[in-house]
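These notes are about the structure you will find just below.
The values are calculated or read from the model by the stated rules, or taken from the named source; none is laboratory data. None of the values given here were measured: they were computed from a predicted structure. A quick note on method: Cβ atoms are made from the backbone with ideal geometry, for glycine too, and the neighbour counts reach across all protein chains shown.
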Amino acid sequence: MNRIDALFTRLKAEGRRALMPFLTAGDPDLATTAVLINELVGRGADMIEVGVPYSDPIADGPVIAASYHRALQQGIKIAHVFQTLRTLRAEGSEAVRATPLVSMVSYSIIHRVGVERYLNDAATAGLDGLIVPDLPVEESEALQKKATQRGLKLIQLITPTTPRDRAVEIARLTTGFIYYVSVAGITGVRKELPPELKDNVAWLRTQTDLPICIGFGIGSPDQIRQLAPVADGLIVGSALVRRLGDAVNRSRAEIVKEIGDFVGELADALKPEPGA
Amino acid sequence: MSNPASTGTPNASPSDVIPFNATRQGPDDLGRFGAFGGRFVPETLMDALNQLTAAYEESKTDPAFQSELHYYWKDYVGRPSPLYRADRLSSFAGGADVYLKREDLNHTGAHKINNAIGQVMLARRMGKTRVIAETGAGQHGVATATACALFGLTCTVYMGEEDIRRQKLNVFNMRTMGATVVPVASGSRTLRDATNEAMRDWMGSSRETHYTIGSVVGPHPFPMIVRDFQSVIGREAREQILEKIDRLPDAVVACVGGGSNAAGIFYPFIEDVEVELIGAEAGGRGIKTGEHAASLTQGRPGVLHGSFSYVLQDDDGQTQDVHSISAGLDYPGVGPEHSYWKDQGRVRYESVTDAEALAAYEETARREGVLPALESSHALAQAFKEARRLGPGKVLIACLSGRGDKDAYEVARLRGEPMG
Ligand SMILES: Cc1ncc(COP(=O)(O)O)c(C=O)c1O
């Protein structure tokens, strides 16, 4: 079974929500990315989204865009990213090997590398799915079909600007889980999430059997607690990536500990209240 | 709505209102020109794009919208722009007669206003109160700021820091007309980065904001809308040359950044197969140096800024850094319809270096008393080569897409005689 399906089946039985941190591959370097993935799994991450650096990410705010640029300045290539993941899958702990990995990747990269080759390499690298933030459903039929043939999930996004009839159609075309974008806008931590968010997700829940994970804007244990009742998973990106920002001035151990502690706090927010 | 056109003084009679898409070339429902185009954007933008497509389609058959647009083109922009026979340049080129389509004489000094007025009218029609735009040379920024001042909408323009430096005059003028100019410090600090920032703004603002894209680039329906609005250039030029010489020209030449002035002048000639169409891209410091912005002649099909088209990118799909002396051509992508025309063999694309463009700028100034924009100077340089090749008795139209005032500081700096 695909690790994503296995995860949500298990979590459902346990009555738990998935914690899904996002990391940029190669910021500050790929060796740190590998250490971080190990650390995050140890700290309670249930799935990891691996951001493939892209030069012109239009869905991303300044934090992730800057992180992508730092990685590209290191000369990170897609082949290096796959190599790092392959090694993790081969040599990581049992927990790491069982953790679903999903790549967040621009279609510019997939197209240039070639759809078939990208998917083959992703599958051999041990990825379980992909999120292509700049590929709406109208353009994704071929990729969907080929991903499915290789046992990879193509996770589609539904946003606050998606009309309801369209949301139903997107849900129908999604595999793995639905990525519900909490805000109309780019990635980046928001102090306040839209008041209608919970209702919108609750409505979507009546339209699909797929797990629904919420991402964009989430950056604190409080927000995780607020959203946990309506979601199957919670995605945290910029709040983590921001902590990679001044890596040049700090040791790898320091960065890994800070991000590990933060993910630990987020994971605690998903645990049932003691005595509850 | 109190506009002159709808209060009984239309300047355009219904017969002036030429339906768009008079020569149908697409795009199809997915926004494809052959294999090119489409919509490679976040889901967040899809609803805004669908809304824009619907509003645009309605506007095409709404006589009030069309006559108002033509009213502003005529009485505000000053259209039709003249088609001028440049005899001293023709004799310099030593061959075909060179005619200049004088988009430099438009209000705000370039072709960009043709599209900006149309799109800001669409924004108003959709009930949007705010307009955003990206700009390279600043001409599209100025045109958008102008149209927003005219229609009373709020305007924000994104512009790379490098372009703010080399196009100061336009920045000053945009601010004078009430626009907010946001400097973009990311990446190469040029048009490509300004486009990223405008799209990011739109991701969070599309409910009340229209993104007035400045060229035939971006996701569907933008390449179609901008081409249609700019086609006024080619429709006029075609009529004017028929009136003057009673036949079609042998060639039409235009510069290609994103490709809007070129698409605008080429489109009405597309089905006139006897007319050669030639696009001039930025060859920068020379193709061999790698420092250029020649997406069509040196790039390959890929995805950038929401569209599938020729693009300068590396083997990983990362956009490459580009260079041109001209801020308006300093862009790694190009409109999808140009990619289609290239692959169909309908339009030939050539590259023109910084040095050739500067030489054409000087010749045009000295021989005609006309200061062309550095972008347009690329078209002129190519036009001289084509005129020489075609020889006497032939006729060529070059699109003089804008005037050169904005470039005076940069040219002076490059000559080593900076002005204050
Ligand atoms: C005068 C002029 N010509 C040409 C261009 C290039 O744009 P396009 O290729 O869309 O016509 C610009 C862009 O700034 C411009 O200002």
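See the values below:
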| item | result |
| --- | --- |
| Residue list for region A:156-172, filter: within 11 Å of another protein chain (Cβ to nearest Cβ) and either over 19 Å from A:GLY185 (Cα atoms) or surrounded by 14 or more Cβ atoms within 10 Å (Cβ to Cβ) (or both) | A:GLN156, A:LEU157, A:ILE158, A:THR159, A:PRO160, A:THR161, A:THR162, A:ARG166, A:ALA167, A:ILE170 |
| Residue ID - surrounded by the most Cβ atoms within 10 Å (Cβ to Cβ), chosen from residues in region B:292-324 that are more than 14 Å from every other protein chain (Cβ to nearest Cβ) and more than 17 Å from the chain's Cα centre (by Cα) | B:HIS292 |
| Those residues of region B:35-93 which are under 21 Å from B:LYS128 (Cβ atoms), surrounded by 21 or more Cβ atoms within 10 Å (Cβ to Cβ), touching a residue at least 12 places away in the same chain (Cβ under 8 Å) and within 14 Å of chain A (Cβ to nearest Cβ), in sequence order | B:ARG39, B:VAL41, B:PRO42, B:THR44, B:LEU45, B:ALA48, B:LEU49, B:LEU52 |
| Candidate set: region B:57-100, residues that are polar (S, T, N, Q) and assigned to a loop (DSSP other than H, G, I, E, B); chosen: the one nearest to the chain's Cα centre (by Cα) | B:SER81 |
| Criterion violated by B:ARG166 - all others in (1) in contact with a helix residue (DSSP H, G or I) (Cβ under 8 Å, 6 or more places away or on another chain); (2) modelled with pLDDT of 95 or more; (3) crowded, with 19+ Cβ neighbours inside 10 Å satisfied | (2) |
| The listed residue being within 22 Å of B:HIS323 (Cα to Cα), more than 14 Å from chain A (Cβ to nearest Cβ) and more than 16 Å from the ligand (Cβ to nearest atom), out of B:ALA387, B:ALA412 | B:ALA412 |
| Number of the condition not met by B:LEU312 [criteria: (1) modelled with pLDDT of 95 or more; (2) more than 16 Å from the ligand (Cβ to nearest atom)] | (2) |
| Some residue of region B:239-258 being touching a residue at least 40 places away in the same chain (Cβ under 8 Å), buried (at least 22 other Cβ atoms within 10 Å of the Cβ), within 14 Å of chain A (Cβ to nearest Cβ) and not basic (Lys, Arg) | no |
| Residue count, region A:52-84 (criterion: within 19 Å of B:ARG189 (Cα to Cα) and β-branched (Val, Ile, Thr)) | 3 |
| Every residue from region B:132-159 that is part of a helix (DSSP H, G or I) and among the hydroxyl-bearing types (Ser, Thr, Tyr) | B:THR144, B:THR146 |
| Boolean, A:ASP60 is outside any helix (DSSP H, G or I) and charged (D, E, K, R) | yes |
| Search result, residues across region A:63-85 that are in a helix (DSSP H, G or I), more than 8 Å from chain B (Cβ to nearest Cβ) and not hydrophobic (A, V, I, L, M, F, W, C) | A:SER67, A:TYR68, A:ARG70, A:GLN73, A:HIS80, A:GLN83, A:THR84 |
| From the options A:GLU254, A:GLU265, A:GLU258, residue that is of a type in the set (D, E, K, R), assigned to a helix (DSSP H, G or I) and touching a Pro at 6+ places or on another chain (Cβ under 7 Å) | A:GLU265 |
| Candidates B:LEU358, B:LEU329, B:LEU371, filtered to the one that is within 13 Å of the ligand (Cβ to nearest atom), surrounded by fewer than 24 Cβ atoms within 10 Å (Cβ to Cβ) and over 22 Å from B:ILE270 (Cα atoms) | B:LEU371 |
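Table: residues versus (1) within 24 Å of A:ASP46 (Cα to Cα); (2) at pLDDT 95 or above.
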position	(1), (2)
A:PRO160	no, yes
A:ASP165	no, yes
A:THR174	yes, yes
A:ILE178	yes, yes
A:PRO195	no, no
A:VAL201	yes, yes
A:SER220	yes, yes
A:ALA231	yes, yes
